[in-house]
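A short worksheet on the structure shown next.
Each reported figure results from applying straightforward, stated rules to the coordinates on display, with no laboratory input. These figures come from a predicted structure and were not determined experimentally. Cβ atoms come from the backbone with ideal geometry, glycine included; neighbour counts cover every protein chain shown.
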Amino acid sequence: MLTAAEAAAQLGVKLGTLYAYVSRGWLKSYRRRVGREALYRRSDIEALRGMTMPERGRRARSLPDASSWVTIAQPPTADGSPSGVIVAESAVSSIIEGRISYRGYPIEEVVEHATYEEVCLLLWNGERPGHAEVERLCTMIGAAQMPRPVASALSAVGQHAPPLLRLAVMMPALAAQPRNPARQRSDDAREIIRMMPLALAPAATRSERRQQPFSTAERLLLAFSSPDFRTWERRALDRVLVACAEHELNASTFAARVVASTGADLYASVLAALCSLSGPIHGGACGRIESMFAAIESGVRLETMLQHFGEQHLLPPGFGHAIYPNGDPRAVLLKTVASSISQHKGKRWFDTACKVEERVWQRDHLRPNLDFYLTVCTRMLGYPRGLPAAIFALGRAAGWIAHSLEQYADNRLIRPRMRYRGSPLRHWA
C-alpha cells in the first residue's frame with residue numbers, strides 16, 4: 001500500500017490530480033483501520049501509470065471515459081446532513097469532524113501565524129511560500145493603481161453602490177484590459193488580489209502607491225483609517241481575512257469551479273462567486289447582523305427580536321451552521337480577535353456581542369458562526385456599514401482562485417443532471 005504522496009509521486013502528478021482520479025472512478029482509495037489517511041494499492045498505481053502519458057500525468061486515449069465531477073456523488077455524511085453529498089475531491093482544504101485545515105495546516109495555526117498573502121500563495125500552490133515570494137506579492141499590492149477604464153466602470157455605478165456590487169463590477173473591467181498572450185493564470189490571480197481592495201476604497205485614497213511591500217490589510221486600513229494605523233490593527237484585520245480565506249465547497253466556491261470548468265478565465269470565476277454572494281442565503285448574513293446590532297442600539301430589546309425570529313421560523317442572524325452542529329471553530333477564533341480589538345477600541349460592541357451570544361445559546365442552543373464575529377470585528381475596527389460582507393469576499397477570493405486553479409489543472413466540464421418531475425410525455429398536435 002502507498003500513501004497519497006507516494007502514489008502521486010509514482011504517477012508523476014499532483015495530489016489534486018490523484019484525488020481527481022479517485023473521484024472519477026479510475027482509482028480506488030482505502031482507509032486505515034486507525035486514522036483517516038487514504039492508502040492506495042501499488043498494483044492499481046502501476047496499472048494506472050501504464051495508461052498515462054509521462055508528461056505531466058496527462059490522460060492517454062486508453063483511459064476509461066469519465067463523466068463530470070458532479071455525477072461522481074457519494075451518499076450523505078453519517079450525521080444525515082442533506083448538504084453532505086460528495087461531488088468532488090480537492091486538496092485545497094478539509095473539514096473533518098468539525099476541524100478545518102488549509103492544505104493540511106489546522107486553521108488555528110494558520111490564523112495565528114500566517115499572513116493573508118502567505119495563505120493566498122499556500123492555497124494556490126499547495127505549499128508554504130518562501131519569504132521572497134510573499135514579499136513580491138506584497139510589493140505588487142503596494143504598487144497597485146487602478147486602470148482608468150476600471151475606475152470609469154466603478155464611477156458609473158457610483159461610490160454609494162453596495163461594496164459587493166463594486167467588487168463584481170471590477171471583474172469584467174479588469175478582464176477587458178489588454179494583456180500579454182503569454183500571461184499566466186497565476187498573474188491573473190495576483191492581479192485580482194491586489195486590485196480588489198481598490199474597489200472598496202474611497203476614490204481619494206486609490207492613488208496611494210507604495211514601492212515597499214504592503215499587505216492587503218494595510219491597503220484596507222490606509223483606505224478607511226488614518227495613514228498611521230497601528231500594528232495591532234493590521235494584525236487583527238489580517239487574522240479576519242485568513243479566517244475567511246477558504247471553506248471547502250460552499251455555494252460561491254462551487255459557482256467558481258463550475259465557471260472554471262468551462263475554460264473561462266479567473267475573472268469570470270471570481271465574478272460568478274461574487275454574484276452568488278448577492279443572494280441573502282449565502283451572502284446576506286452580515287447585513288442582517290448589522291441590522292440586529294443597529295436595532296439593539298436604537299433601544300429594541302434583544303428578547304423582543306429573538307421572539308420575532310422564532311415566530312417567523314428564522315434563525316437569529318449569525319447563528320447556526322449546517323456543518324458545525326457543535327459550533328463554528330472560525331467564530332471561536334474571531335471572538336478572540338474581537339476581544340483583543342476591544343482592548344483598544346472600547347468594549348461596547350464586544351460586550352453586546354457576548355450578551356447576544358449568551359442569550360441565543362440559552363434560548364435556542366445555537367452557537368455563532370463566522371459571519372457573526374466577522375461583522376463584530378470589522379465594525380469594531382471602524383469600517384462602515386456594508387463593508388463586513390465585502391471584506392469576507394476579499395478574504396474568500398483566495399479560496400475561489402485556489403479552487404479555480406485546481407479545476408483548470410485537471411479539468412472536465414461540470415455538467416450535473418436533474419431528475420425530471422414534470423408532465424409525462426405528450427404531443428402538441
Item to check | Angle in degrees between helix 231-244 and the longest Cα principal axis of the chain, rounded to the nearest 10 | outcome: 40 degrees
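Determine, from the Cβ-Cβ distance of Ile95 and Trp428 and an R0 of 60 Å, the FRET efficiency 1/(1 + (r/R0)^6), rounded to the nearest 0.05.
0.75
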Next on the checklist: Checking the cross-link filter: which aspartates and glutamates have an alpha carbon closer than 14 Å to that of Lys345, excluding same-chain neighbours under 8 positions apart?
Outcome noted: Glu233
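Which of the trypsin sites (Lys or Arg not before Pro) across segment 228-287 are loop residues per DSSP, with 16 or fewer other Cβ within 10 Å? Don't jump to the answer; show the numbers that get you there.
Numbers: sites: Arg230, Arg234, Arg235, Arg239, Arg257; in loops: Arg230.
Of the trypsin sites (Lys or Arg not before Pro), the ones in loops of segment 228-287 whose Cβ has at most 16 other Cβ atoms within 10 Å are Arg230.
Tell me, what does the Kirkwood hydrodynamic radius of segment 102-209 come to in angstroms if you use every pair of distinct C-alpha atoms?
On the way: mean 1/r = 0.0651 Å⁻¹.
After inverting the pairwise mean of 1/r, the radius is 15.4 Å.
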Checklist entry - Using helices alone, what [θ] at 222 nm do you get for the chain, with -39,500 (n - 2.57) per DSSP H run of 4 or more residues, divided over all residues and rounded to the nearest 500? => result -17000 deg cm²/dmol
Checklist entry - Once you mark the chymotrypsin sites (Phe, Trp or Tyr not before Pro) that are in a DSSP loop and have at most 10 other Cβ atoms within 10 Å, what is the longest gap between them in the chain? => result 1-419
Checklist entry - Which of rounded, prolate, oblate describes the chain, given a ≥ b ≥ c as roots of the alpha-carbon gyration tensor eigenvalues and a/c under 1.5 marking rounded, otherwise prolate only if a/b is larger than b/c? => result prolate
Checklist entry - Once fully extended, how much extra length lies between Thr352 and Asp228, figured as 0.36 nm per residue of separation less the alpha-carbon to alpha-carbon distance? => result 41.8 nm
Item to check | Cα gyration tensor shape for segment 285-429, rounded if a/c is under 1.5, else prolate or oblate | outcome: oblate
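When a/c is below 1.5 the answer is rounded, else prolate if a/b is larger than b/c, else oblate, so apply that to segment 354-401 with a ≥ b ≥ c taken from the square roots of the Cα gyration tensor eigenvalues. Numbers along the way, then the final one.
Values: a/c = 3.90, a/b = 1.71, b/c = 2.28.
Oblate is the answer for segment 354-401, as a/c is 1.5 or above yet b/c matches or exceeds a/b.
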Checklist outcome for this item: Relative to the chain, whose Cα atoms define the longest principal axis, helix 266-277 and its Cα axis are tilted in degrees, nearest 10, by 60 degrees
Checklist entry - Going through segment 285-384, which trypsin sites (Lys or Arg not before Pro) have at most 16 other Cβ atoms within 10 Å and a DSSP loop state? => result Arg301, Lys347
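Normalised by the number of residues in segment 105-248, what is the relative contact order in percent for Cα pairs under 8 Å and 6+ residues apart? List each step's numbers first, then the result.
Details: 133 pairs, mean separation 53.8, N = 144.
Answer for segment 105-248 is 37 percent.
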Item to check | the chain, relative contact order in percent, only Cα pairs under 8 angstrom and at least six apart counted | outcome: 19 percent
Checklist entry - Using the alpha-carbon atoms, what tilt in degrees (0 to 90, nearest 10) does helix 185-200 show relative to the longest principal axis of the chain? => result 20 degrees
Checklist outcome for this item: Those trypsin sites (Lys or Arg not before Pro) from segment 398-429 that are DSSP loop and have at most 11 other Cβ neighbours within 10 Å turn out to be Arg417, Arg419, Arg421, Arg426
Next on the checklist: For a quick check, take a GNM of the chain with Cα springs below 10 Å and name the residue from Ala217, Ala353, Ala156 with the largest mean-square fluctuation.
Outcome noted: Ala156
